[in-house]
Amino acid sequence: ESGMLQLMGVGLVRARLEENVIWSWLKPEDMAEYGFTTEQRPELSTELLQDEEAYISAFFLQTDEGGTRLSFRAIPGFDVASIAFQLGGGGHTLAAGCTIENTPVEQAMEIVVPLLKAESRKKRPEYE
């Protein structure tokens, strides 16, 4: 659907890359502008990880209830599940997620991005 592609484009334009961590976000008003709700769960963490400098990606989606849903991806050599578990979520080493209740997206990024940067600093990529 073209509206979803346009919405994803908004998220990709917002992407920030620091210390081999790339992240982006969308809010309910972004979703509404293209005719979607946050229940439709757009997903950008896989696309963000395509950046050749990125080891870890995160996509933050603020929910209508004021929390933030997070999706993480990593290249081999890094562990995003450990971060998701710390935040009450779960998943696998290279793909994980969680929801932080009652925390708007800006606040969630302040909490989570430093954790992701710490993970990117303590390990090395495992290239095949």
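Quick notes on this one:
- Summing +1 for each Lys or Arg and -1 for each Asp or Glu among the other residues whose beta-carbon sits under 11 angstrom from that of residue 44 gives +1.
- Chain lengthening between residue 92 and residue 32 when straightened (0.36 nm per residue, less Cα-Cα): 18.5 nm
- The residues packed around residue 22, meaning those with a beta-carbon under 14 Å from its beta-carbon, carry a net charge of -3 if Lys and Arg are +1 and Asp and Glu are -1.
- Those residues of the range 24-55 whose amide nitrogen sits under 17 Å from the label point placed on residue 82, 7 Å along Cα→Cβ: 55
- Apportionment of accessible area to carbon and sulfur, the chain, percent (1.4 Å): 49 percent
- Angle between the chain longest axis and helix 2-13 axis [Cα atoms, degrees, rounded to 10]: 50 degrees
- Average accessible surface for the chain: 52 Å² per residue, computed with a 1.4 Å probe over protein heavy atoms with every protein chain in place.
- Rounded tilt (10° steps) of 105-122 against the dominant C-alpha axis of the chain: 20 degrees
- With both labels modelled 7 Å from their Cα along Cα-to-Cβ, the residue 46 to residue 5 distance reads 1.7 nm.
The values are calculated or read from the model by the stated rules, or taken from the named source; none is laboratory data. In this text the structure is predicted, and so the values were computed from the model without any measurement. In this analysis, Cβ positions are derived from the backbone assuming ideal geometry, glycine residues included, and neighbour counts consider all displayed protein chains. Each accessible area value is taken on the protein alone, full model and side chains, heavy atoms only, with ligands, DNA and RNA left out. Shrake-Rupley method; radii C 1.70, N 1.55, O 1.52, S 1.80 Å.
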